[in-house]
Every structure is written in C-alpha cells, then in structure tokens.
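Read through the structure below, which is laid out as structure tokens, and then see the notes.
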Amino acid sequence: MAELLAVRGLRVDFATDRGPAQVLDGINLDIATGEVVGLVGESGCGKTTLARAILGILPEGAARIRAGEVRFAGTDLLREHPATVNDRIRGRAITFIPQDPFTSFSPLFPVGAQIMDLMKWKSPRARDGDRPSSLFARYPRGRYRADREAVLEILRAVQMPEPARALRRLPHEFSGGQRQRLMIAMALLPQPDLIIADEPTTALDVTIQAQILRLLRALVKERGVSVLFTTHDLGTAHEICDRVVVMYAGQEMEAAPTDTFFGRPAHPYTRRLLASVLGPDGEIRDIPGEVPSLVTPPSGCRFHPRCDYATAECRVERPALRALASGHGVRCHHPVDAPAGADA
Amino acid sequence: MSVPAPPLLEVVDLARHFPLRNAFGRRVGWLRAVDGVSLEVRPGETLGLVGESGCGKSTLGKTVMGIHTPTAGDIRFAGREIGRLSRRERRAVAKDLQYVYQDPGASLDPRWKIGPSLHEPLRIHTTLSRAERDREVRAILAAVGLPDAHLDLYPHELSGGQQRRVGLARILTLRPRLVILDEPTSGLDVSVQASVLKLFRSLQEAFALTYVFISHDLSVVRAMCAGIAVMYLGKIVELGPTTRVFETPRHPYTQSLLAAVPRIGGRRVTQDFALEGEPPNPGDVPSGCRFRTRCPLAQARCAAEEPPLRPLDGRTVACHFA
Amino acid sequence: MIQNVNAAWFAVTRLARDRSALIGLVLIALLVLSAVLAPVLATHPDDVFELHPSERLKEPSGAHWLGTDRMGADVYSRLLFGARITILIGIIAVGASLAIGVPIGLVAGYYHGWVSDLLMRVSDIFLAVPQVVLAIAIAQTLGPSLPNVILALSVTYWPWFARVVYAETRALQKEVFVESTAALGASPWRLTVLHVLPNIASPIIVRASIGMGFTILTAAALGFLGLGPPPPTPEWGRTIAESREFLPDAWWYAAAPGLAIFLTVMGFNLLGDGLRDVLDPRLRRSGPARDG
C-alpha cells in the first residue's frame, strides 16, 4: 500500500503555569492509503495532540511545534502556506470526526443548512474559481442540486432514517448515535483521503457504539479512505483498526498489525496495558507508579521508571525504532518475545 | 445450618417518575426513569446495576439514597422503611447508607482544607471530641493510602487520584454499612481503573462494606460484582448471579449488550452484531415489553402484556420467550 | 488566619497587574487616606466650622489650594473632611444592605417554592422603585440628616445583594460538593453558612465594591437636593448645591467636590471590575495541558 501520511520527529510543547510541557517528543507515524490506524494510549499520552497537529488545529497561543514534519501526499503540512492548507487540505483531503457528538453542531440552525454550508466550500465538485469568497455569498451556481443529492445519498449510506426530513431538523432532535452518523457523513462528503477520528464512540452507549464502529469500517473500506482513529479503549481499537500504534507520555512505543499487537505485543508497556484490561478471570492488574509530568519528563525512554525490564541504557537513550517483523516496529531496548499474557 | 442473613437493602416495586413539561410549564407526560424495580442486597454482597444511558440505574441509586423521593414503592434498609422519612430523619440514615459520585474528588468543597472536610461527617453525626475525631480521620486516611500531610492541603493541591481517595475517605469516616457507587470508573484509563477497583476491593474487606455498583461497563461489573441486575428503560430485565448471566444470558437485551462489548483478541464483535435502532424516548415507553421495538423475538403478545420477572435457569428474567 | 492574610495579599498583587484596577485601587486609597488623615492634610482644619466672610469666593492660590467657598472656608480642607462623610455613608449603607440582602438571598436560593418566590417578589418590588425617589420620600418624612440618608440608601440597595446571592446560591446547589455534603447529612444551616457562603463570597465582594460607588453617588444626589446632613457638614453633594448660584465665576467651588465624587465613584467601579477578574480566574485553575 502506498504511503499517504508520514509524521517524522514531531515535537510539540504546551505552555503551562509550571513551564513548557513536552507533550510530543519526536513522534514518527505512518499511514498508508486505505488503512485504518488506531492510536491508543491513556490520558495525557499525546494522542489527541498528535491528531490535532496533523490537522493543524492546535491551540495557537498555548502550543508550539518545535520540530518535525507532517508529510501528506508529498507536501509538508507544517511548512505549507496556512491558507493553502486551510483551503485544500483541511476539510477536504483530511477531515475530522470529533469526540463529543453533543457540541459538534450549532444548536441554532437545521442540520441540513449546516451541511450544505460545508458543501459550499468543500464539495468535491468545487473548482478553484467557484469557491465563495465570504460568509454571505450565495451558493455557487450549477452545483447545488448535485451537492444536495450527494448529501442525501451519504445520509442513506450512514443509515439515517428519512434523510430529507432529517435535514430540516435541529441538532437537539437527534440522539448521540445519530449525530455521530451525521458527523461521519460530513467527514465523507468532501471525498477525503484521510479521516481523523478523535475518540468518536467514547461518549456513546455500547450497543450504539457497536453499530457506529461497524458502519464506519464498512464505509471507509468501501471508499478506500484512510482513518487515524484515536481511542483509550483497546477493545474498540481491536474492532476497527488494521494497525495499532500505542503512545505513552508523548512517545510512540510500538506499532503493529492488530492481531500481532494484541496477540504478541513486544513492548513492556503494551503488555502491561493489555494485562490491565479486565478479563473474565476476575483478577485486577494495574501498572505500578504514576504517569509522569510532561514538564519534567523522565529521560530516555519515558516508561523506564515503571518498567520491569529497565536498565541504565533505557534511562539515557530513547530507543530507536526496531523492526521485528513485517509491519511490527517497537521502540524499546528490551522487547519481549512472548504471547500476550505470558508474564504476570 | 445457619440461617442466611436478612437483606440489608430491600427495594420493592420502586418507581421514580419525573414530570415532563412543555414550553409553558404545563405537564405533558411523565419520564418513568425507574418504573417498578424490586431487588435485594444481602450484607457483604456486591450487586451490579448495568444498563445504557436512560435505563434508570443512576436514578435508582439516587432514589435509594434519598436524593430523589420515590414516586411509589418501598425502600427498606436494615429492616426499616426509609423511602418516606422526613428530611431530618433521613439525614440520620446517612450514617449507614452512603453514596459515592462518579468523581468523588468533586464532592470536596474547594475552599475547605482536607482535614476539616474529613472531620465534617463526624461532627454532623457523632459527639466525639476533637482528639477522637482526629484519630478516626488519620486511621481512615491511612486506609485509603494517603499521608497525614494531606490534611493541611486544599483539594486543588492534590492530584485527581488523590482527590478521589479523599472523597472516599470522607464517606468512610461514618463507617457506613452500604455504599452505592455511581459509575466510579467512568472515563478512567484502564490502568487507573484497575487501581481504583483494587482500592474498592480492599476497602470492602477492611470496612465490611456492602456495595451497590452502578456502571455501564460490563467488564468492570463482572470483575467486581457477584450479582448483577440488567436494566432497560426503567425496569430490570434480568437479575441473577454474575457468572451465570454472563455465561448464558437469557434476555435478548442482555444478549445484545454482551455481544456489543468490544474484545481484545478473537473475532471482531461488530461483524456479528445485530441489534439495530435506538432505545425509545424514555418519556414515551412502548406498551407491554419495553424492549419489543428492537427485539428479534418480538411477537404480538409482547405489545399487549408486560412480562414479569420469573425464575429461569438460576436467575430471573422478564421475557415471554426467553 | 495566616491563610486569609496570604490570600488577601495574593489578591492584591494580582490586582495590581491589571492597569485599570490599579487605578481604582489608588483612587480608593487616596480617598481613605484623605478621610483618615484629614486633620493632618488639611491646610485649614478649622474651616469646617469657622467662617471667614472676608475671604469668600477667592480663587485657588498658594494659601487656598482650591479656593474658598461662600463662607470663606477653604474648599480643599472641607473636601478632605467631606471624604469622611462619604466613606461613612458608603460603608454603613452598603454594610446594612449586605446584612439584609445576603441572608434573604441565601434563604430564597436554598428553598424552592413559595418562600423563595415571596422573597424574590419583595425584592423585585424594591428594585422597581427608583432609589432616589424612595430616598427622597424617606428623607422628607423623617427629616434631613445623616442617619436618614444612610437608612434610605440601605433600604433601597439591599435587593441587589439579594439577587446576586440568590442566583449564585441556586447555581451552587447544582455543584456536586453541595449535593454530596447534603447526602452526608448536613443540615440546611450548615450547608448554607459553611459551604455556600464562602463559595459565593467573590460575587458579593464585587457587588459591594460597585455598590459603594453607586451608593456614594446617590448620597451625593440626596445631599445636592438638601436631604442630607445639614450645614455646616462638608458633604460633597450639598457643597455642589451651595455652589450653584455662584457659577460660572467661582468654578472651583463646584469643580472640586464634583471631581471628588467622580473620581471616587470611578475608583470603586474600576476596583470592582478588577476584583471580578482577579477573584474569578483564581477559582478556575488552569491545569497542565489536558490531552486525550
């Protein structure tokens, strides 16, 4: 599969009361075309920051990109002119599904108006010349009907009952699950190459989540769209992702195809994380220690203070990427070679 | 042969309805959040209440606690009816029956230091001297794994996890007999969740507590609770020992619920998952069996007649065709 | 105790960073200093009572920094003593309004139902009557004097506190810590006095500061209308009234007290705004960058 997105050495700092927090510490990430990549990790690991950095929507005053590049289809998004990125990439080639379905729409306008507003600027039928120049501009000639038909079609694809009537309704008339279907629709309308989904099912009930996950995977596979799916729930990652990348305290630790990731994880953190997922045996296993401060993070490999296998080397030098097998990479000086659950 | 202990908590046909009002303040219907729930909890047990949003589990917890007044039905605690007590009498029950919010840290007054916050329950309910209270507070603080130094700090000076422990400590100073835990691990990372659950377990042993554990997370309930009640739209649809319900769920909703939980490893759950549609509006529940609008086994009888909870295979189920 | 001193100092230093709040603080400090040190700062301290008809309506000069009034008294000195009256009126009137309004607001906020409705309707009624008009009515009935001015102001200003406290109490009731402390068995008394009140202190303080400005302005208006303390009390509003017939020639006679009132009221308003900014964000702590 061809490479679509390549992040290299991305370093991002956030300004805090206590000094700069090193939220991302030289992240490398690859996404191929048509691939669903899961980005997992616990709170504070940096997965949302990474997702936003790719999209270019980090909070301006607080966040500083210190180094690195984000190569999307050949261009470095960090060095490209912001206006071009805003116009051609964001909302077109790369779209976004947010976590909270309840605040993603403006409560004042019918859903249809908001979607058609999106299409004004980001319809795949829009050509450079006919993009509106102001908020109050009319809908560009000639493509209103085609665009509206495309909207109805995608609403059918996300299994929205009575699409035409739905467009006239206000956001609060939809349930959380339905609103996520709408967000998925809006993410697919511009015919993107990559969708960044930031914990899109975390706020949903489990039976609705199952429906949404199934739907999302089917749609993106059908259209050959890549997805970067962040989540803190490992089960969800298993459901929908082809490959999983795990992050800890701003460093990526391991990346592997889903079955390998869950079946034969190599990184000690991954193994501990998987072990702490509650299984049917009723045993509760946690990870000793606490998540480190990002203002004064541990040196070298940031997991070393809590790692059973840590040595002096781990304190000094951040491990380089080691390729274990096809598609399975780990950043660890002492990767484990055993099936999941083999150690306590 | 010993006689089993009488139930510590008994809920009989409990209902809690909220009026639905239109824009003019006129009542246009009822939200039947809890609509005829009966259950029992014996001393030392842990009962799990599971269900998705709108099922009424949180409302049930709050009604038992007295935060809401019951619309109908009885609540008996240690043999005594508590659903219809006056406010003052109800406050006295707080000594034995307590409630832990989803974020126990938020239950601390941000302007009070930890020390006074921990003394407060004892000041309200006991006549212990200052020195005696101090001793109690330090003991509880040690039980939740926090140092004495924290007594002089403000909540915002502690981490989230520490705040959580203080919130728990505050409740434990009263040495309650039964504690209702409302979504205690919602939104927590897996490893943090594991630490919190370990803490709950150790506290249960140390203080001989009985738990009612409300959660939407089935794996948590399986790890913590010996008994489980599955709720849907205000009613219990299946009730019984956790292992039995998980191994062989009988109610179609329970089956769907268990089938929907993503697993790590093995076949993808969503490949086989079949439950369609959304839960109906809780303000407008379907006639008869409430699950019939989404149930694969639904027939005419389900619309006409509401199924009662009846024993089946070592647990009770509310379904005509289970 | 030490904690409170530290907290106060912290608030003052934060306040100092906000330019307009700093100006407000300086103006108020000036006012307080003038009032407290009036006997020391005044060039002609006896002019509050003594008359020097030969010196009347003299322009500002080296001897009389702000000129003299129609009795020949030094305007500057009388101004300083007038500051005492001003502060006295402000503090007592606002203090009384607090004492009436805060408990009413707490009770109305805590209880739902007819008690709360009744109390809020009563305060709405008081709010509907223009403060000056009601103050005039009271002063007319009881006679012009300092205590009556204070009475009139207290009676009309308390609803503002009641409203703020009511709204904040209602909002706070939804906070988890209030609900959970109630679940622990705390009585309404304990909840209201020990938990709600400390947490709504900030909006009350802000309202008190702004209230001082408002009250002082109204007191000056009453003084101007002749309803305040009688002469020779050097009340600012009355001084302006006295000066009317001599305008525009003896401009200093009106300008001095007028400017004093203006600066005082503005000072309290700026301070109030600054306090609002300082006290609120301090409660809303910004943690380290939260990340999904």
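Of the conditions (1) farther than 29 Å from B:S186 by Cα; (2) surrounded by 18 or more Cβ atoms within 10 Å (Cβ to Cβ); (3) modelled with pLDDT under 95, A:P171 fails just one. Which one is it?
(1)
Checking the conditions here, which among C:G143, C:G113, C:G105 is free of Cβ contacts under 8 Å to residues at least 12 places away in the same chain and within 30 Å of B:H68 (Cα to Cα)? If you could, list the steps in order and put the result at the bottom.
Details: C:G143 fails: within 30 Å of B:H68 (Cα to Cα); C:G105 fails: free of Cβ contacts under 8 Å to residues at least 12 places away in the same chain.
Of C:G143, C:G113, C:G105, the one residue that is free of Cβ contacts under 8 Å to residues at least 12 places away in the same chain and within 30 Å of B:H68 (Cα to Cα) is C:G113.
State yes or no: is A:E313 without any contact (Cβ under 8 Å) to a residue 24 or more places away in the chain and part of a helix (DSSP H, G or I)?
yes
For residues that are of a type in the set (A, V, I, L, M), outside any loop (DSSP other than H, G, I, E, B) and surrounded by 21 or more Cβ atoms within 10 Å (Cβ to Cβ), scanning just the range B:73-121, find the one that is farthest from the other protein chains (Cβ to nearest Cβ). Lay out the reasoning, then the answer.
In the first step, residues of the range B:73-121 are kept if they are of a type in the set (A, V, I, L, M); the result is B:75, B:78, B:82, B:85, B:92-94, B:97, B:100, B:106, B:108, B:114, B:118.
Okay, now just the ones that are also outside any loop (DSSP other than H, G, I, E, B), so B:75, B:92-93, B:97, B:100, B:106, B:114, B:118.
Subsequent filtering for residues that are surrounded by 21 or more Cβ atoms within 10 Å (Cβ to Cβ) retains B:75, B:97, B:100, B:114, B:118.
Details: B:I75: 15, B:L97: 9, B:V100: 9, B:I114: 13, B:L118: 11 Å.
Among those residues, the one meeting the criterion is B:I75.
Taking C:R238 as meeting all but one of (1) modelled with pLDDT of 80 or more; (2) part of a loop (DSSP other than H, G, I, E, B), write down the number of the exception.
Here C:R238 clears every test but (2).
Looking at the range B:123-145, can you tell me whether even one residue there is without any contact (Cβ under 8 Å) to a residue 40 or more places away in the chain, within 14 Å of chain A (Cβ to nearest Cβ) and either touching a Phe, Trp or Tyr at 6+ places or on another chain (Cβ under 6 Å) or not in a helix (DSSP H, G or I) (or both)? Walk me through how you get there before you give the answer.
Taking the range B:123-145 and keeping what is without any contact (Cβ under 8 Å) to a residue 40 or more places away in the chain, we get B:123-124, B:126-142.
The next check asks that each one be within 14 Å of chain A (Cβ to nearest Cβ); those that pass are none.
No: zero hits.
Considering only residues of the range B:170-223 that are over 27 Å from B:T127 (Cβ atoms) and among the aromatic types (F, W, Y), which is modelled with the lowest pLDDT?
B:F200
Residues are listed down the side, and each one gets a yes or a no for (1) part of a strand (DSSP E or B); (2) over 23 Å from A:T260 (Cα atoms):
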position: A:A150; (1), (2): no, yes
position: A:R156; (1), (2): no, yes
position: A:P190; (1), (2): no, yes
position: A:I195; (1), (2): yes, yes
position: A:A210; (1), (2): no, no
position: A:L213; (1), (2): no, no
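If I ask for residues that are among the polar types (S, T, N, Q) and assigned to a helix (DSSP H, G or I), which ones from the range C:128-149 would you list?
C:Q131, C:Q140, C:T141, C:N148
Quick one: how many residues across the range C:208-251 are aromatic (F, W, Y), surrounded by fewer than 22 Cβ atoms within 10 Å (Cβ to Cβ) and touching a residue at least 60 places away in the same chain (Cβ under 8 Å)?
Residues flagged as aromatic (F, W, Y), surrounded by fewer than 22 Cβ atoms within 10 Å (Cβ to Cβ) and touching a residue at least 60 places away in the same chain (Cβ under 8 Å) within the range C:208-251 amount to 1.
Have a look at A:P161, A:P107, A:P140 and point out the one that is touching a residue at least 60 places away in the same chain (Cβ under 8 Å), not in a helix (DSSP H, G or I) and not aromatic (F, W, Y). Even if it seems obvious, please write down each step before you answer.
Values: A:P161 fails: touching a residue at least 60 places away in the same chain (Cβ under 8 Å); A:P140 fails: touching a residue at least 60 places away in the same chain (Cβ under 8 Å).
Sole residue among the options that is touching a residue at least 60 places away in the same chain (Cβ under 8 Å), not in a helix (DSSP H, G or I) and not aromatic (F, W, Y): A:P107.
Sort out which residues of the range B:158-174 are within 13 Å of B:L209 (Cβ to Cβ) and not in a helix (DSSP H, G or I), and write them in order of number.
Answer for the range B:158-174, where residues must be within 13 Å of B:L209 (Cβ to Cβ) and not in a helix (DSSP H, G or I): just B:L174.
Tell me, which residue of the range B:282-300 that is among the hydrophobic types (A, V, I, L, M, F, W, C) and either touching a strand residue (DSSP E or B) at 6+ places or on another chain (Cβ under 7 Å) or within 10 Å of another protein chain (Cβ to nearest Cβ) (or both) is farthest from B:R27 (Cα to Cα)?
First, pick out the residues of the range B:282-300 that are among the hydrophobic types (A, V, I, L, M, F, W, C): B:285, B:289, B:291, B:295, B:297-298, B:300.
Next, only the ones that are either touching a strand residue (DSSP E or B) at 6+ places or on another chain (Cβ under 7 Å) or within 10 Å of another protein chain (Cβ to nearest Cβ) (or both) stay: B:285, B:291.
Numbers: B:V285: 17, B:F291: 26 Å.
Out of the qualifying residues, it is B:F291.
Against the conditions (1) farther than 19 Å from C:G101 by Cβ; (2) in a helix (DSSP H, G or I); (3) away from chain B (no Cβ under 14 Å), where does C:H195 fall short? Just the number, please.
So the condition that C:H195 fails would be (3).
State which residue is surrounded by the fewest Cβ atoms within 10 Å (Cβ to Cβ) when the search covers only the range A:17-35 and only residues that are in contact with a helix residue (DSSP H, G or I) (Cβ under 8 Å, 6 or more places away or on another chain) and assigned to a strand (DSSP E or B). Spell out the reasoning first.
Initial filter on the range A:17-35 (in contact with a helix residue (DSSP H, G or I) (Cβ under 8 Å, 6 or more places away or on another chain)): A:23-24, A:27, A:29, A:34.
Subset that is assigned to a strand (DSSP E or B): A:23-24, A:27, A:29.
On the way: A:V23: 28, A:L24: 29, A:I27: 25, A:L29: 19.
Taking the candidates together, the pick is A:L29.
Do we find a residue being aromatic (F, W, Y), surrounded by 19 or more Cβ atoms within 10 Å (Cβ to Cβ), within 12 Å of chain B (Cβ to nearest Cβ) and without any contact (Cβ under 8 Å) to a residue 40 or more places away in the chain anywhere in the range C:168-191? Show your work before the answer.
The first filter runs over the range C:168-191 and keeps only residues aromatic (F, W, Y), leaving C:177, C:189.
So of that shortlist, the ones also surrounded by 19 or more Cβ atoms within 10 Å (Cβ to Cβ) come out as C:177.
So of that shortlist, the ones also within 12 Å of chain B (Cβ to nearest Cβ) come out as C:177.
Now narrow it down to the ones that are without any contact (Cβ under 8 Å) to a residue 40 or more places away in the chain: C:177.
Yes - at least one qualifying residue is present in the range C:168-191.
For the range B:191-216, which residues satisfy the criterion of being under 30 Å from B:C319 (Cα atoms) and surrounded by fewer than 21 Cβ atoms within 10 Å (Cβ to Cβ)?
Kept after step one, since they are under 30 Å from B:C319 (Cα atoms), are these residues of the range B:191-216: B:210-216.
B:H216 - this is the single residue of the range B:191-216 that is under 30 Å from B:C319 (Cα atoms) and surrounded by fewer than 21 Cβ atoms within 10 Å (Cβ to Cβ).
Going through the range C:49-60 one residue at a time, which ones are closer than 19 Å to C:P248 by Cβ and not charged (D, E, K, R)?
Passing the criteria: C:L57, C:P60.
Can you pull out every residue in the range B:260-281 that is closer than 15 Å to A:G279 by Cα and more than 7 Å from chain A (Cβ to nearest Cβ)? I'd like the intermediate steps shown before the answer.
Going through the range B:260-281, the residues closer than 15 Å to A:G279 by Cα turn out to be B:261-266.
Matches in the range B:260-281: B:G266 only.
Across the range A:212-243, which residue is surrounded by the fewest Cβ atoms within 10 Å (Cβ to Cβ) among those that are more than 7 Å from every other protein chain (Cβ to nearest Cβ) and of a type in the set (V, I, T)?
A:V225
For the range A:70-85, indicate whether the set of residues that are within 22 Å of A:P298 (Cα to Cα), touching a strand residue (DSSP E or B) at 6+ places or on another chain (Cβ under 8 Å) and either surrounded by 17 or more Cβ atoms within 10 Å (Cβ to Cβ) or modelled with pLDDT of 95 or more (or both) is non-empty. Spell out the reasoning first.
Initially, the range A:70-85 is screened for residues within 22 Å of A:P298 (Cα to Cα), giving none.
No, every residue in the range A:70-85 fails to be within 22 Å of A:P298 (Cα to Cα), touching a strand residue (DSSP E or B) at 6+ places or on another chain (Cβ under 8 Å) and either surrounded by 17 or more Cβ atoms within 10 Å (Cβ to Cβ) or modelled with pLDDT of 95 or more (or both).
Considering each of B:G61, B:G44, B:G48 in turn, give the residue that is part of a helix (DSSP H, G or I), closer than 14 Å to B:V179 by Cβ and at pLDDT 90 or above.
On the way: B:G44 fails: part of a helix (DSSP H, G or I); B:G48 fails: part of a helix (DSSP H, G or I).
Unique residue meeting the criteria: B:G61.
Quick one: count up the residues across the range A:266-281 that are within 21 Å of the chain's Cα centre (by Cα) and either at the interface with chain B (Cβ under 9 Å from one of its Cβ atoms) or outside any helix (DSSP H, G or I) (or both).
Of the range A:266-281, the ones within 21 Å of the chain's Cα centre (by Cα) are A:269-270, A:273-274.
Right, trim to either at the interface with chain B (Cβ under 9 Å from one of its Cβ atoms) or outside any helix (DSSP H, G or I) (or both) and you get A:273-274.
Number of matching residues: 2.
Could you tell me whether the range B:297-311 includes any residue that is within 23 Å of A:A210 (Cα to Cα) and free of Cβ contacts under 8 Å to residues at least 60 places away in the same chain? I'd like the intermediate steps shown before the answer.
Start the filter on the range B:297-311 by keeping residues that are within 23 Å of A:A210 (Cα to Cα), which leaves B:297-298.
Imposing the further condition that a residue be free of Cβ contacts under 8 Å to residues at least 60 places away in the same chain reduces the set to B:297-298.
Looking for residues that are within 23 Å of A:A210 (Cα to Cα) and free of Cβ contacts under 8 Å to residues at least 60 places away in the same chain, one finds at least one in the range B:297-311, hence yes.
The values are calculated or read from the model by the stated rules, or taken from the named source; none is laboratory data. Please read these numbers as outputs of a predicted model, since none were measured by experiment. Glycine also receives a Cβ, built like all others from the backbone with ideal geometry; neighbour counts cover every protein chain displayed.
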